[in-house]
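Notes to accompany the following structure.
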Amino acid sequence: MSVFTRVTPEELSAWLKRYAIGTLSELQGIAAGIENTNYFVTTSHGRFVLTLFERLAAAELPFYLNLMAHLARHGIPCPAPIADRGDKYLGTLNGKPATIVTCLPGAPLTAPDAGHCEQVGAMLGAMHLAGKSYAGKLENPRGPKWWGAAAREVAPFLDDVRRALLASELEYQERHRGLDLPRGPVHADLFRDNVLFEGERIGGVIDFYFAGIDALLFDVAVTVNDWCVDPAGEIDAERARALLAAYRAVRELTATELGAWPVMLRAAALRFWLSRLYDFYLPRPGELTHAHDPEHFRRVLEARRARPFPLV
């Protein structure tokens, strides 16, 4: 996403000889996000996205790349990894694991309406159904184990009020850890900047590199907490109802999921408050990087604790 590792046109041209996607005509760094290095790559055959992985090890990456390939084969408009001449999705470029995927049409929305949220809900339901037949195994890397480790690292930077809020929510989530919810591959980061709209229709779903196996309801909560909130962190009822109704028309929720909804909304808010605290206080150097304001998801978490949005 951001540019941490520089790649020159000459270096990429040599690397692309391993692929049957033509010759390089343009290379452009993507100045968004905080996890990986991404470039737009235009060749004589079309436009692609090059990703160099800054944190993930090569051994972890087959889960993500094979998941995207699986979903693309099942009709989900997500980036499809391009295999090299040796039929491998993953290579090494400038010392980093690297892959190249199809570039999808469209652009993110900053101010979605209920109609957009309805499409996102239906797409998420379709992704969950398509993922049922995926055999890959990788526990959500930003799940409860990571929450505890990240909390210990960021706690020294927090004031007493925020430290108490963090400790209270971690304790609450620990008490509800045993919920028996339907599980499967989740995107786990389906924010507005990871869904591309081409006009009024979804052109693609991108950035699966936080995916893993987790409760499907957690994925729904993550999505609602971004697509359906106002700047104060409160849920916009019209957008939330549209998203949830569209999702449930594709995959109905179980009785256990209906009961666990307030817990999952809080868990999703906690996960992103923690990740934003971590990136804000413990950043890595990068040429084109930005860290999101942690306070937004603190407000979201406090709103979910005080006023969970009902599912009926």
First in the range 105-127 and under 15 Å from C228 (Cα atoms), second anywhere and among the hydroxyl-bearing types (S, T, Y) and at pLDDT 95 or above, Cβ under 8 Å, 6 or more apart: V120/T223; G121/T223; G121/Y247; A122/Y247; L124/T223; L124/Y247
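Regarding T92, is this residue surrounded by fewer than 17 Cβ atoms within 10 Å (Cβ to Cβ), touching a strand residue (DSSP E or B) at 6+ places or on another chain (Cβ under 7 Å), outside any helix (DSSP H, G or I) and of a type in the set (S, T, Y)?
Considered against the rule, which asks whether it is surrounded by fewer than 17 Cβ atoms within 10 Å (Cβ to Cβ), touching a strand residue (DSSP E or B) at 6+ places or on another chain (Cβ under 7 Å), outside any helix (DSSP H, G or I) and of a type in the set (S, T, Y), T92 comes out as yes.
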Let me confirm something: among V220, V205, V250, which residue is open to solvent by 50 Å² or more (accessible area, probe 1.4 Å), within 22 Å of M68 (Cα to Cα) and at pLDDT 95 or above? V250
If we keep just the residues of the range 231-243 that are at pLDDT 95 or above and open to solvent by 10 Å² or more (accessible area, probe 1.4 Å), which is nearest to A126 (Cα to Cα)? A242
With the checklist (1) surrounded by 20 or more Cβ atoms within 10 Å (Cβ to Cβ); (2) part of a loop (DSSP other than H, G, I, E, B); (3) without any contact (Cβ under 8 Å) to a residue 24 or more places away in the chain; (4) of a type outside the set (S, T, N, Q) in hand, flag the one item R276 doesn't pass. (2)
Inside the range 92-127, the number of residues satisfying the requirement of being within 25 Å of V41 (Cβ to Cβ) and among the charged types (D, E, K, R) is 1
Do you know which residues across the range 68-94 are in contact (Cβ under 8 Å) with a residue 60 or more places away in the chain and on the phi > 0 side of the Ramachandran plot? N94
Just one of A245, A267, A240 is in contact with a Cys (Cβ under 8 Å, 6 or more places away or on another chain), small (G, A, S) and assigned to a helix (DSSP H, G or I); which is it? A240
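Rundown of residues vs (1) over 20 Å from E118 (Cβ atoms); (2) hydrophobic (A, V, I, L, M, F, W, C), yes/no style:
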residue: T254; (1), (2): yes, no
residue: L265; (1), (2): no, yes
residue: L270; (1), (2): yes, yes
residue: L282; (1), (2): yes, yes
Can you go through A58, A114, A69 and tell me which one is under 26 Å from F218 (Cα atoms), of a type in the set (A, V, I, L, M, F, W, C) and either open to solvent by 30 Å² or more (accessible area, probe 1.4 Å) or more than 18 Å from the chain's Cα centre (by Cα) (or both)? A114
I'm told R47 meets every condition in (1) charged (D, E, K, R); (2) within 17 Å of the chain's Cα centre (by Cα); (3) at pLDDT 95 or above except one. Can you identify the failing condition by its number? (2)
Tell me, please, whether a residue that is in contact with a Cys (Cβ under 8 Å, 6 or more places away or on another chain), in a loop (DSSP other than H, G, I, E, B) and surrounded by fewer than 21 Cβ atoms within 10 Å (Cβ to Cβ) can be found in the range 128-135. no
When the residues of the range 21-44 are narrowed to those that are over 27 Å from D279 (Cβ atoms) and without any contact (Cβ under 8 Å) to a residue 60 or more places away in the chain, which ends up nearest to the chain's Cα centre (by Cα)? T42
Would it be correct to say that E10 is in a helix (DSSP H, G or I), surrounded by fewer than 18 Cβ atoms within 10 Å (Cβ to Cβ) and touching a residue at least 12 places away in the same chain (Cβ under 8 Å)? no
With R152, R85, R163, R177 as the choices, which residue is open to solvent by 70 Å² or more (accessible area, probe 1.4 Å) and at pLDDT below 95? R177
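The values are calculated or read from the model by the stated rules, or taken from the named source; none is laboratory data. Given the structure is predicted, the values throughout are model-derived calculations rather than measurements. Neighbour counts are summed over all protein chains in view; Cβ atoms, including those assigned to glycine, are modelled from backbone coordinates with ideal geometry. Just the protein is used for accessible areas: all its heavy atoms, side chains included, with ligands, DNA and RNA removed. Shrake-Rupley method; radii C 1.70, N 1.55, O 1.52, S 1.80 Å.
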